[in-house]
Protein chains: 2
Amino acid sequence: MMRSHYCGHLNAGLEGQTVTLCGWVHRRRDHGGVIFLDIRDREGLAQVVFNPENVDTFATADRVRSEYVVKATGVVRRRPDGATNPNLASGEIEVIATGLEILSQADTPPFPLDEHSDVGEETRLRFRYIDLRRPEMAEKLKLRSRISSSIRRFLDDNGFLDVETPILTRATPEGARDYLVPSRTHQGSFFALPQSPQLFKQLLMVAGFDRYYQIAKCFRDEDLRADRQPEFTQIDIETSFMDESDIMGLTETMIRNLFKEVLDVELGEFPHMPYEEAMRRFGSDKPDLRIPLELVDIADQLKDVEFKVFSGPANDPKGRVAALRVPGQGAMPRGQIDDYTKYVGLYGAKGLAYIKVNERAKGPEGLQSPIVKFIPEDNLNTILDRVGAVDGDIVFFGADKAQVVSDALGALRIRLGHDLNLLTAKWAPLWVVDFPMFEENDDGSLSALHHPFTSPKCTPDELKAAPGAALSRAYDMVLNGTELGGGSIRIHDKQMQQTVFEVLGIDEAEQKEKFGFLLDALRYGAPPHGGLAFGLDRLVMLMTGANSIREVIAFPKTQSAACVMTQAPGTVDARQLRELNIRLREQAKTEG
Amino acid sequence: MMRSHYCGHLNAGLEGQTVTLCGWVHRRRDHGGVIFLDIRDREGLAQVVFNPENVDTFATADRVRSEYVVKATGVVRRRPDGATNPNLASGEIEVIATGLEILSQADTPPFPLDEHSDVGEETRLRFRYIDLRRPEMAEKLKLRSRISSSIRRFLDDNGFLDVETPILTRATPEGARDYLVPSRTHQGSFFALPQSPQLFKQLLMVAGFDRYYQIAKCFRDEDLRADRQPEFTQIDIETSFMDESDIMGLTETMIRNLFKEVLDVELGEFPHMPYEEAMRRFGSDKPDLRIPLELVDIADQLKDVEFKVFSGPANDPKGRVAALRVPGQGAMPRGQIDDYTKYVGLYGAKGLAYIKVNERAKGPEGLQSPIVKFIPEDNLNTILDRVGAVDGDIVFFGADKAQVVSDALGALRIRLGHDLNLLTAKWAPLWVVDFPMFEENDDGSLSALHHPFTSPKCTPDELKAAPGAALSRAYDMVLNGTELGGGSIRIHDKQMQQTVFEVLGIDEAEQKEKFGFLLDALRYGAPPHGGLAFGLDRLVMLMTGANSIREVIAFPKTQSAACVMTQAPGTVDARQLRELNIRLREQAKTEG
């Protein structure tokens, strides 16, 4: 080994010892005829001092520039009084150099490393290997590695088998767009990259593996949002002979254990909340419980008012009218309210009614609001009592289709929580349970809320009779308003699986074509089974406080699904396409 | 949890306790009015006894068939004398049932599970979830999981960071055919699936990660041989500031540790052998040292014989003449020798000369051979002395281009070792080192023996002057004649990298187009670095004694790169192809 110690591991205990460091020149200072090099490696920085008496070594030190790779030997000593650096692990000591070797020269980097420089993300991605040298970037990937490792050890120690499932597979039923891979040996046919190992892990349960896990790459060819990547990583888990409370208990322990090990955070026990309650109180199926604001339903008080904006949704079975009280914000300026009105507009809300509660004792006179005049005083009082409004508060209102009201007020709640610094905790995990089996599409057809292999809580006959009312045995783990993972007990009965397919409008021919191997497997002794998948990237984002998924992936793609460093995707030559029996469309046009 | 114990974990220590088992009905026997069910789960079998007195439970037991999934409750008791089964972990006890629940029915499986049945591999692959229930199949994947886990823990504990590199990437330079993925957002461009994470791991070193590992999926669209799969798994390792002996030492410790942990085998220290010696003594760069037979060069003794078959190669600088002595096989029947002659023909040998040493004291009279007459007695004696031939031996000869002789006699050596049961050890690991940098193609051009990022042992000028003579800083780990892994110290100097590209005939434009980002990275401070990649599938094959790579992969592809279970690859609809801006060639023809 060339080095004796990592730079960041040097400390006063090594005083008097000769050490050899290998790393990058992070900073160079010349001071009083002496050269100081801060040498950087994965574990941190160390200050190495070059005195002119040591002529050759000093001359070498004089030649080095930022980001040169060097090997420095010297003796550890305590820094003089007043020269210690408490921000540095090795800040109490320095190394008096006795030798220096330049292992690799370096051009001036395209952007400086020692500060949050103003360079654009495209340049940082193009020179990713330089950007990753920045300690705050490297730290996130180090933590990612520790997170994977902690999860693996937990699952290993709990009898889970790590089984690899195929990347070249069949089009998956998750619904997003697949990445396709043309087959050379079966021309005209295509593999798909998996959106998840869902069916393979279920088949492993049918095979009797009992407890499976995999940290698995998954793929979706979707238009990228801020926190999406074409390939992402899932902590994928499946078990047999366990019910939902067993699985939630085990994976909750895993996450609690992870936070304790990696962040030294005690998450405590996770509350369980039915989907219906989450939507009602927080307007979201992934409520951020750090924010002490809640939606309150008031449709019953507004069914008979003349103001159609309220009475319409209040009388519509698919409508919702709800209020959101914000304590102490009665003096919110008009401009701010206008801002929030625009914000809820992004979620489809056509406006944002409000009441400023100046002095409740004065009755309607004490309320400042464009809507008070439309609401009878009794109802107004009931509403204000119900939301717990006191003088000095502001209460916002939403009235529309239920989905719009929940989305809009749910988002406003989050926004207010952050704008007003209302967060009551650093971490707020919970389980959301009792999801509906299906959601209704605009055309009245049904889609699976999780996926079509999720077990309902009812019999096949009950499901057929009232699919819209059926609840599923699904569960989501939510942390700080982000869905960390989701799963369910799966269907292990062929008849139930076929019933779900029917309700989803998948006829027998399509069932056979797409899911024949699953239905086959359910005939040959499938155990009760269920599982869960966590989004590793999101988990790492949360735990590292990263702002973007790109910060927690070593070599991410841009928003247009390209790698600016390697220039992928790239062109390929005609021979390769011919071997695959495909051609580009323009080319075909030109030839035709 | 539905079960209290795994079946295979029951033992006499639980006598008198009530247990609940969940699993598959492996076998059912009715004997003396009593029903015996062997219930199987991941950990083994347990015998559950149903007495007719317990009417309901007995009736349920009477309904179950093979591969039903059941939950059985009962009391553990010692089996009566004479009824114990020493082949079973739980063979001392049985469970007297008090309850039985059928969790899932099962049709009769398409093939029986409790024996090596005669069913074809295609059927086994189609019903893979049933084939994997066979304990000998499941055992291999369990061991694979333990192997991955042991490797990961070792690397974690030695400061390696697990970093994921992209699957959607740029065409890689390994030389095999890439799998391509059409890009939807960059039409006409394609991603390639990686043949290895080689360049990414080198860039992680440039980024300062110091120690990287990944158990990585890799892809090659090649025509499949017996032990190839389109996707395979690599234990991928890269380090900075370590030389080849550091890296070999560390990874050797990892493999020794693995064998100790998983198989309780002590591998001892691995010998190091130069490539030249391996080819000379064993005709292979991955010699199987369990076989005590060696090739001996004898060209010097045959330069002047009239027999052109020998004198030709003996005088050709690219030729080789070698002998392989097989002790005590002087009575080998003619038919056997003919067989071996055919066998070496597969490796290009045009014949297989031999001498049976009947009685050396008699001179040429005592030798039985078609070739003795062509060789002067002195040379004959020198040859026989050199190979150590004694009465009763047979000596085989090869004379041809060096590659043909090494391949043919090398393969014959292995074949003889197995046919004659000559193996001297169960495990014989070694390092092969000092590989040539390049191998010559038929057209006189050079190819990299490892890959073009491998560091030579000489300067750029020396490399340019005599590339054919240059050795590389590469090393392969070999076990029982199989290459477990290979690696090298990489080039970290831009000028050296460009020189290697030039020697390989890659001009500047192509260098920039294909490797521009690597050459860029080498400008900005690249540390000395190197690494290694192990083939996980092959490692698992060796450690489990599997005959095919398909036995150690949960859902393998067939020889034609298809999955007969999921019917992948499959057809896709026209809309998907249109989105990707590609079309099939026949289709284009029809339209054109």
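The values are calculated or read from the model by the stated rules, or taken from the named source; none is laboratory data. The structure presented is a predicted model; accordingly, all values stated were derived computationally and were not measured. No Cβ is skipped: glycine too gets one built from the backbone with ideal geometry, and neighbour counts run over all protein chains shown. Protein only, heavy atoms only, side chains kept; ligands, DNA and RNA dropped before computing areas. Shrake-Rupley method; radii C 1.70, N 1.55, O 1.52, S 1.80 Å.
Could you give the size of the charge dipole of the protein assembly as shown about its Cα centre, using +1 on the Cβ of each K and R and -1 on the Cβ of each D and E, expressed in debye and rounded to the nearest 20?
With only Lys, Arg, Asp and Glu charged at Cβ, the dipole is about 680 debye.
Would you mind calculating the relative contact order of the stretch A:186-242 from Cα pairs under 8 angstrom and at least 6 residues apart, reporting the percent as a whole number?
Relative contact order comes out at 37 percent.
Between A:D223 and A:A425, full extension at 0.36 nm per residue minus the direct alpha carbon distance yields a gain of 69.3 nm.
Between A:N51 and A:D243, what length comes free when the chain is fully extended (0.36 nm per residue of separation minus the Cα-Cα distance, one decimal in nm)?
62.2 nm
If the reach is capped at under 26 angstrom between alpha carbons, list the lysines near B:K457, excluding any in the same chain fewer than eight residues apart. The reachable lysines, counting only those whose Cα sits under 26 Å from B:K457, are A:K71, B:K201, B:K286, B:K318, B:K494, B:K512, B:K514. The percentage of C-alpha pairs in chain A whose separation is greater than 33 Å is 60%. The figure for A:C458 is an accessible area of roughly 30 square angstrom, using a 1.4 Å probe on the protein chains alone. Annotation: aspartates and glutamates with alpha-carbon distance below 12 angstrom to A:K217 (same-chain offsets under eight excluded): A:E164, A:E231, A:D236, A:D537, B:E164.
Note on the stretch A:66-143: the C-alpha convex hull projects to 7.0 nm² when averaged across all orientations.
Which value results for Rg/Rh of the stretch A:232-373 when Rg is the Cα radius of gyration and Rh the Kirkwood radius based on the inverse mean 1/r? In the stretch A:232-373, Rg relative to Rh is 1.10. The string of couplings for the stretch B:478-484 from the Karplus curve (6.51, -1.76, 1.60, θ = phi - 60°) is 10, 9, 6, x, 10, 6, 7 Hz, one whole number per residue in order, with x for Gly and Pro. Accessible area per residue was computed with a 1.4 Å probe on protein heavy atoms; B:K303 scores about 90 Å².
Please compute the net charge surrounding A:R325, taking Lys and Arg as +1 and Asp and Glu as -1 over other residues with Cβ under 9 Å from its Cβ. My count for the surroundings of A:R325 gives -2. Post the alpha-carbon centroid distance, the stretch A:1-79 to the stretch B:485-540, in whole angstrom. Rounded to whole Å, the Cα centres lie 29 Å apart.
When all protein chains stay in place and ligands, DNA and RNA are ignored, the 1.4 Å accessible-area order of A:Y347, B:Y129, B:Y275, B:Y354, largest first, is A:Y347, B:Y275, B:Y354, B:Y129.
Across the stretch B:284-376, the mean sequence separation of Cα contacts (distance under 8 Å, 6 or more residues apart), normalised by length, yields a relative contact order of 21 percent. The same position A:Y343 in the other copies lies at 7.9 nm from this copy, comparing label points 7 Å beyond Cα toward the beta-carbon, shortest first. Computing FRET efficiency as 1/(1 + (r/R0)^6) for B:R575 and B:D461, where r is the C-beta to C-beta distance and R0 is 60 Å, gives about 0.55. For chain A, hydrophobic long helices are taken as DSSP H runs at least 20 Å long by C-alpha position along their axis with mean Kyte-Doolittle hydropathy of 0.0 or more; these are A:402-419.
Using only Cα atoms, locate the centre of the stretch B:201-278 and the centre of the stretch A:103-156, then give the distance between them in Å, rounded to an integer. Value for the Cα centre distance between the two parts: 25 Å. Summarising the amide proton neighbourhood of A:I215: residues at separation of 5 or more, or on other chains, whose placed amide H is nearer than 5 Å comprise A:D236. Summary value for chain A: 13 percent relative contact order, contacts being C-alpha pairs under 8 angstrom separated by 6+ residues. Electrostatic bookkeeping for A:G188 treats Lys and Arg as +1 and Asp and Glu as -1; over the other residues with beta carbon under 12 Å from its beta carbon, the sum is +2.
Leaving out ligands, DNA and RNA, what percent of the accessible area of the stretch B:377-527 is carbon and sulfur, probe 1.4 Å? The computed percentage sits at 45. Listed by chain and number, the lysines whose C-alpha is less than 27 Å from the C-alpha of B:K356, apart from same-chain residues fewer than 8 away, are B:K303, B:K308, B:K342, B:K373, B:K401. Evaluating kT/(6 pi eta Rh) at 25 °C and 0.890 mPa s, with the Kirkwood radius of the protein assembly as shown over Cα pairs in the Stokes-Einstein relation, gives 71 µm² s⁻¹.
Here the protein assembly as shown carries DSSP beta bridges of which approximately 95% are antiparallel, counting only pairs with both residues inside. The Stokes-Einstein estimate for the stretch A:112-248, based on a Kirkwood radius over Cα pairs and taken at 10 °C with 1.306 mPa s viscosity, is a diffusion coefficient of 88 µm²/s. What residues of the stretch A:203-217 lose no less than 20 Å² of accessible area with every protein chain in place versus their chain by itself (probe 1.4 Å, heavy atoms only)? Output list: A:L203, A:L204, A:V206, A:A207, A:G208, A:F209, A:D210, A:R211, A:K217. Extension gain, A:A59 to A:N87: 0.36 nm times the residue separation minus the Cα-Cα distance gives 7.1 nm.
Taking N as the number of residues in the stretch B:7-104, what value does Rg over Cα atoms divided by 2.2 N^0.38 Å take?
After normalising by residue count via 2.2 N^0.38 Å, the value is 0.95.
Across the protein chains, with a 1.4 Å probe defining accessible surface, the residues A:T239, B:T123 rank B:T123, A:T239 from largest area downward. Between A:E483 and A:K512, the distance separating the two model label sites (each 7 Å from Cα on the Cα→Cβ line) works out to 3.4 nm.
Within the stretch A:331-386, the GluC sites (Glu not before Pro) that combine a DSSP coil assignment with at most 15 other C-beta atoms in a 10 angstrom radius are A:E359. Candidates B:T382, B:Y354, B:Q403 compared by Cα position along the dipole of the stretch B:345-414: farthest toward the positive end lies B:Q403, with charges placed on Cβ. Taking every protein chain into account, the 1.4 Å probe leaves A:W431 with about 0 Å² of accessible area, to the nearest ten.
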